[in-house]
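Working notes for the structure below.
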Amino acid sequence: MKTASLGGLEISRIGLGAMGMSDFYTGAGRLDDQSIRTIRHALDLGVTHIDTAEVYGPFVNEELVGRAIKGRRDAVVLATKFGLVSHTGRPGPDSTPASIRGAVEGSLRRLGTDHIDLFYQHRVDQDTPIEDTVGALADLVAEGKVRHIGLSEAGPTTIRRAHAVHPLAAVQSEYSLWTRDPETEVLPVLRELGVGLVPYSPLGHGFLTGNIRSLDGLDADDWRRTNPRFTGGNLELNLRIVDEVTAVAAEAEATPAQVALAWLLAQGDDIAPIPGTTRIDRLEENTAADGIELTEAQVARLNNLEPAAGDRYDEANMAAVNC
């Protein structure tokens, strides 16, 4: 497995996002033993970067990851997030210094560790100055409880303000063949500052694998059932993206998922996606993308895909990104 450097933090080029093991997706929370085996197998394959958050579950995903990495902590670059759970009783996102203190102590306990390698603000708290938030994170770095810090779904101005207080290692944002938003404003700022990008949902919530052509088979509470890109006729329109990815995959003798990941990796050495899965076979498929080199023509073909139909979130959640 190749590695990437995110603001000086060395991680595997392809990581593992753990969210879907406990929340939001079909089967979440019902396959803990299988998920633990998958996390451990990821480490065997050279994946070092494991991503979770206190809000997933909430809390149970961190506990799951903690059980999975027990005895192998030194092999893991452990990332988690705070800010969507308040530890002060305040409604809504809470990135106040007091809430951050409660968050880090809880995450350390659930993960069974004495430090977090990469601690992200999960969403920008528009009621708390980012300077106050990052100042509190800098204190945690000084105490040794956190090694590196990052933001998630932050806009370029917030990124600059945060980085001026304490260096950021990474920004985590949705980025894939059907979500190209970071390319316009965020990526140029990250590269100027020497900050890495960690794309979440690099497979478009599973859509870019080619395995979802209808909502049949998804659990009733699977969040994709209400996501604009999967509803209101947009799913059928977006199949044209999958069909193009599938065509390139046939040329490359790879799977659509591998092509989607290989395209992301071709965008720069400072990009390290975190596809999620509960299954060992899908994990092996995803990590094998590290060895796939797309041709210039294939990358160009994928670069020129039509934009996805529909917003990536509902109106309320769209208001919380790129802030």
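At-a-glance table
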item	result
Dipole axis of the chain (+1 Lys, Arg; -1 Asp, Glu on Cβ), positive-most option in VAL186, LEU235, VAL146	VAL146
Cα centroid of the stretch 118-157 to Cα centroid of the stretch 1-62, whole Å	21 Å
For the stretch 248-298, with +1 on Lys and Arg beta carbons and -1 on Asp and Glu, the positive-most of GLY268, ALA252, LEU283 along the dipole	LEU283
Share, in percent, of DSSP beta bridges within the chain that are antiparallel, nearest 5	15 percent
Excluding exposed DSSP-loop GluC sites (Glu not before Pro) (at most 11 other C-beta within 10 Å), longest clean stretch of the chain	1-252
0 to 90° range, to nearest 10: angle between helix 156-165 axis and the chain longest Cα axis	40 degrees
Pair ASP243, ALA220: separation of 7 Å Cα→Cβ label points (nm)	3.4 nm
Assigned charges on the beta-carbon of Lys, Arg, Asp, Glu; the chain dipole about Cα centre (debye)	580 debye
Cα-based helix-to-principal-axis angle, 234-252 vs the chain, degrees rounded to 10	80 degrees
Debye, to nearest 20: dipole size of the stretch 204-323, +1 on Lys, Arg Cβ, -1 on Asp, Glu Cβ	280 debye
Computed helical MRE - 222 nm, the chain, DSSP H runs ≥ 4 contributing -39500 (n - 2.57), nearest 500	-11000 deg cm²/dmol
Estimated FRET transfer efficiency when R0 is 25 angstrom, pair LYS70-SER5 (beta carbons, to 0.05)	0.35
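No value in this document is a laboratory result; all are computed from the given coordinates. Bear in mind the structure is a predicted one, so any value in this text is a computation, not a measurement. Because the Cβ atoms are built from the backbone with ideal geometry, glycine has one as well, and the counts that use them run over all protein chains shown.
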